[in-house]
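The values are calculated or read from the model by the stated rules, or taken from the named source; none is laboratory data. None of the values given here were measured: they were computed from a predicted structure. Here the Cβ positions follow ideal geometry from the backbone for every residue, glycine too, while neighbour counts run over all protein chains shown. SASA here: full protein model, heavy atoms, side chains in, ligands and nucleic acids out. Shrake-Rupley method; radii C 1.70, N 1.55, O 1.52, S 1.80 Å.
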Amino acid sequence: MFVVGLLFLIAAAVLLVVVLRRRRRGGQSSAAQRRTGVILGLAAGVGGLLGVAFVGASSAYAQDTGDASVIVSWTGDILGQETTPGLHVKAPWSEVKTFSVRNQQVVFAGTRASTDFTGGSALGPGITVQDADGVTSDIDIAVRYSIRSDQVTTIYKQFRDETNFVSQFVTQDIRSTVRDAPNAFTTLDLITKRADVNTAIQEASRSGGRGQA
């Protein structure tokens with residue numbers, strides 16, 4: 001939007017220069033030439049107003065409750081972060097990278113062919129594990145998580161957006177934790193001691209993360 005506004009301002013400036021040059025020439029001018037001058041002047045004015053409007057719109061953004069944002073310049077430098085909802089002002093040439101800090105869910109269940117990443121959620125196939133007896137089985141699991149609002153800049157530096165964060169960090173950690181936890185249980189334990197298996201997975205998930213979510 002900022003680029004569009006800048007183009008309008010440049011076009012308006014060019015038209016204004018043309019109008020001023022025509023006036024400096026002076027002399028008698030025909031009705032057609034006067035009309036052309038008026039049209040060029042109006043076009044310059046409209047272009048200028050549109051340019052100012054676009055640049056102004058590029059200088060503000062609204063942040064919803066449950067979101068946190070990283071402000072990035074056109075060169076890729078991080079200018080800051082915003083964690084409070086409402087209307088905020090930014091440099092018109094900067095870009096807002098938004099992350100949801102709401103509760104999100106990752107589900108691995110069934111026999112899906114691949115994992116679907118939508119925003120901060122993920123839905124993929126059940127996780128294949130191996131127990132202490134060397135027997136493999138599939139485990140279905142649903143995990144809820146949320147991003148700490150004060151960590152969005154750190155997450156942006158490493159992953160650039162929320163989808164990459166979920167696909168490269170959250171789901172990988174979940175799969176790794178779920179695969180490792182059942183190693184201490186026998187095949188019979190996995191069937192008869194499901195509460196203990198769930199507790200082991202939960203404890204491993206709490207202690208095994210990298211502290212970003």
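When D150, D180, D133, D173 are checked against the criterion of being under 26 Å from I71 (Cα atoms) and in contact (Cβ under 8 Å) with a residue 24 or more places away in the chain, D150 stands alone in meeting it. Restricting attention to region 47-74 and to residues that are in a loop (DSSP other than H, G, I, E, B) and modelled with pLDDT of 90 or more, the residue that is nearest to V17 (Cα to Cα) turns out to be S73.
Restricted to region 63-85, and to residues that are over 16 Å from R160 (Cα atoms) and of a type in the set (V, I, T), which residue is most open to solvent (accessible area, probe 1.4 Å)? Of everything passing the filter in region 63-85, T65 is most open to solvent (accessible area, probe 1.4 Å). Of G110, G124, all but one fail to be surrounded by 14 or more Cβ atoms within 10 Å (Cβ to Cβ) and touching a residue at least 12 places away in the same chain (Cβ under 8 Å); the exception is G124. Of the residues making up region 167-203, those that are surrounded by 18 or more Cβ atoms within 10 Å (Cβ to Cβ) and more than 19 Å from G120 (Cα to Cα) number 9.
Would you check if S94 is under 22 Å from A204 (Cα atoms) and among the small types (G, A, S)? Taking the combined requirement at face value, the residue does not satisfy it.
Got a sec? Which of Q158, Q130 is under 15 Å from I201 (Cβ atoms) and either surrounded by 12 or more Cβ atoms within 10 Å (Cβ to Cβ) or touching a strand residue (DSSP E or B) at 6+ places or on another chain (Cβ under 6 Å) (or both)? So that I can check it myself, show each step before the final result.
Numbers: Q158 fails: under 15 Å from I201 (Cβ atoms).
On inspection, the qualifying residue turns out to be Q130.
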